[in-house]
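Some notes on the structure that comes next.
Values quoted throughout were computed directly from the atomic coordinates according to the rules given, and no laboratory measurement underlies them. Because the structure is predicted, anything quoted here is derived from the model rather than measured. Because the Cβ atoms are built from the backbone with ideal geometry, glycine has one as well, and the counts that use them run over all protein chains shown.
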Amino acid sequence: MCGAHAAVRTLVGELVEQNSHPTMIDMEAGLEHLSRGTLRHADCVLLVIEPYFKSMETGARMTALARELGIAHVYALANKVRSRSDSEALQEFCRKRDMSLLAEIPYDEALLAAERAGRAPLDFQADSPAVAELQRLAGELDSLGGAKR
């Protein structure tokens with residue numbers, strides 16, 4: 001077992017055990033955190049997928065690994081959704097693989113512009129489509145966390 005993964009797994013376990021508030025951890029993309037059991041103490045995992053086959057397939061593998069670890073809530077978040085056909089492909093893929101698609105974040109030039117300006121998207125253009133969906137998602141995540149307490 002990699003020492004770094006063992007340390008993070010222990011830290012996540014302590015956070016979950018000692019903290020009554022939801023804790024969000026942004027992990028590096030990839031399967032390694034799940035295949036090494038780093039997230040075994042998490043009770044919810046949000047998997048970001050994009051409307052490309054390789055990304056969706058990786059999301060499906062991550063969903064299976066999260067379920068093998070006994071993680072109670074596993075959700076997919078679609079990012080950079082450009083069209084109705086992207087949305088339909090994502091929905092069909094997730095439905096066929098029993099993946100729960102929690103949100104579809106649209107591709108939004110405002111996010112690129114905010115990044116270039118070094119500003120948070122909410123501060124840069126609060127009414128952009130992506131920011132609106134992220135705000136809706138934040139409310140949904142908050143209600144999911146509240147339901148577990």
So what J values fall out for region 70-85 if you push phi through Karplus, 6.51 cos²θ - 1.76 cosθ + 1.60 with θ = phi - 60°, rounded to Hz, Gly and Pro as x?
x, 5, 5, 10, 10, 10, 9, 10, 7, 10, 6, 7, 9, 8, 4, 5
Once amide hydrogens are built 1.01 Å from N within the peptide plane, the residues lying 5 or more places from His73 or on another chain with amide H under 5 Å from its amide H are Cys44, Val45
Rounded if a/c under 1.5, otherwise prolate or oblate - region 55-96, Cα gyration tensor axes:
prolate
Rough spin-label spacing in nm, given labels placed 7 Å along Cα→Cβ, for Asp98 and Ala120
3.9 nm
Starting from the Kirkwood radius over alpha-carbon pairs of region 41-131, derive D by Stokes-Einstein at 37 °C in a medium of 0.692 mPa s and give it in µm² s⁻¹.
233 µm²/s
